[in-house]
């Protein structure tokens, strides 16, 4: 859902009071078309300003906003110059417009950050004190919109006015006349007629005034008076400030689902509940309203690199598999060389093939001894030279037979490590965790060392307590796996890992003491959850004492072998809480 003018008015009221005189401490870019501000008023406040087409909004969030887009945009760079360190001196809203104008005063003067929350036309525009555009999240040249160019240096032009009636000044008779000229149900007619009335607000007006009843047109005097009073009451909230923030719910497949929020009670929905803050409801109430992944671009970049390296390593593996030499092939080459030397007297100059039986060369007896074997010869070489050529091929293939299995094992280990990194990227909960995956790719030599990723501070493994208080450790990436297995646990602690797939190393710090089935099941559920098989209903999880786990010599971090394991089935189980 998109925030309407009434919702933005309520958000403006809340934020202007909460953030009066706030100093901007951070300016970040959570997604391609959003800006995050950290403002300080004695305590920190996180505000998301988003022009994303699927979720345009202004929201206050309790979570610290993090960088998601890979690079700083020109708008973000200008905001760092003009807004970081500046003070917020006003938040303004043109009457019944889906626009909030944030005014900041700093060492470089006064600037306005104009947030236009208008669906797919949403934008964030930085304007100087003279009204000239400094930059915008979306630049709009004249070839796209001649009326309203949004480019650096161009004068800022507000969105064009709509040919609708103002809901606070329209008379009952004019409202009735306009509605009678419209088409469709009442709430659609209200949207078409009244300025600043969104579909959600229109449905609420219609329900409060007329219930579920769809009237005939023109409306009779009683219905029209009731409808006009309801319009006046709700449209007047920016003046009365009698906000009643709420979250609305609908029943979907037997469960109650939050589907909307508003600065008034959503009585037309199946159920509604009051909330203490419309600004926080905008950020927290509806899952679909939040960016599905604030680190989507960075995650996609890392995953693309991993996918490219996986494709390259799999191509190497296929090539090595073709180069693998079977023992039978070596035996055949050796037989051919010996046959040429043993029967050289039968080879005439220029002869192109020699047909022999095994009995003639080796003296073997048996059903295969008399089977004819044809050996191709180079007619330009002598028998001795033909034999030496075959023996050279034999030595070459013999060397390959020794090297290829080792190289296949090395490539298979690289593939396993890349699969683990792919899981690490998928499970990364924040930007530092993604940077750690990128740094691991650089460290492994998969991508050039060009400073693309800062070396992140080492992330910490998940520390939990089992239901009986037994400490648990969970490595959520390859580096943490290495940490929990070889630095943070004792040899007689229990070690768990999902069988046959990338995933977390989970440690039960029991010190050799017996562990209940409930604790073991909880640890196995965590191993399943933090694995590539977490979407399965049941997962096989191996467990053993840590002393039976060994690093693979020369392998990447977190790559291990283990023995003396036992296996149990476990359902993936997310952690209840972090200690």
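With 10 angstrom as the radius, rank 187, 45 by how many other C-beta atoms surround their C-beta, starting from the fewest. Each step should come with its number before you reach the end.
On the way: 187 21, 45 18.
Going from least to most buried by this count: 45, 187.
Given the C-alpha centroids of region 299-321 and region 493-526, what is the distance between them in whole angstrom?
Using only Cα atoms, the two centres lie 31 Å from each other.
Between residue 357 and residue 210, what is the label-point separation in nm under the 7 Å Cα-to-beta-carbon projection?
Between residue 210 and residue 357, the label points sit 10.5 nm apart.
Tell me the mean residue ellipticity at 222 nm calculated for the chain from its helices only (DSSP H runs of n ≥ 4, each -39500 (n - 2.57), averaged over every residue, nearest 500).
Result for the chain, helices only: -11500 deg cm²/dmol.
Within region 152-272, what percent of beta bridges assigned by DSSP are antiparallel, to the nearest 5?
In region 152-272, approximately 90 percent of DSSP beta bridges are antiparallel ones.
Using a Förster distance of 45 angstrom, determine the FRET efficiency expected from the C-beta separation of residue 517 and residue 314, and round it to 0.05.
Details: r = 40 Å, r/R0 = 0.89.
E between residue 517 and residue 314, to the nearest 0.05, is 0.65.
Identify which of the listed values of mean projected area of the Cα convex hull in nm² was calculated from the structure shown: (1) 27.1; (2) 43.2; (3) 55.0.
It is the value labelled (2).
Set the Förster radius R0 to 22 Å, insert the Cβ-Cβ distance between residue 162 and residue 188 as r into 1/(1 + (r/R0)^6), and round the FRET efficiency to 0.05.
Calculated transfer efficiency: 0.90.
Among 516, 277, what is the fewest-to-most ranking by other Cβ atoms within 10 Å?
Values: 516 13, 277 18.
Ascending Cβ contact count within 10 Å gives the list 516, 277.
Modelled label-to-label distance, residue 53 and residue 392, 7 Å Cα→beta-carbon offset: nm?
6.5
Multiply the residue gap between residue 173 and residue 569 by 0.36 nm, knock off their C-alpha separation, and tell me the result in nm, one decimal place.
Full-extension gain reported as 135.4 nm.
Quick check: residue separation of residue 20 and residue 410 times 0.36 nm, minus the Cα distance between them. What number comes out in nm?
Working: separation 390, 0.36 × 390 = 140.40 nm, distance 6.08 nm.
That works out to 134.3 nm of additional length.
So how far, in whole Å, is the C-alpha centre of region 105-154 from the one of region 334-394?
85
Would any residue of region 343-364 have its amide N under 14 Å from a label point 7 Å out along Cα→Cβ of residue 381? List them or say none.
350-354
Based on the mean of other beta carbon atoms within 10 Å per residue, what is the order of 329-338, 422-431, 5-14, most packed first?
Ranking, from highest mean packing down: 5-14, 422-431, 329-338.
Can you compute the modelled spin-label distance between residue 373 and residue 300, with each label point 7 Å from Cα toward Cβ, in nm?
6.0
Using the beta-carbon distance between residue 332 and residue 148 and R0 = 60 Å, what value does 1/(1 + (r/R0)^6) give for FRET efficiency, to the nearest 0.05?
0.15
Over the chain, what is the relative contact order in percent, taking alpha-carbon pairs closer than 8 angstrom and at least six residues apart?
Averaging sequence separation for qualifying contacts and normalising by length gives 8 percent for the chain.
Residue 257 to residue 241: extension gain in nm, 0.36 nm per residue of separation minus the Cα-Cα distance?
Roughly 2.9 nm would be gained on extension.
Can you give me the C-alpha center-to-center distance between region 10-62 and region 239-275, rounded to a whole angstrom?
23
Bear in mind that the values in this text are calculations on the coordinates, not laboratory data. These figures come from a predicted structure and were not determined experimentally. Glycine gets a Cβ as well: all are built from the backbone with ideal geometry, and neighbour counts include every protein chain shown.
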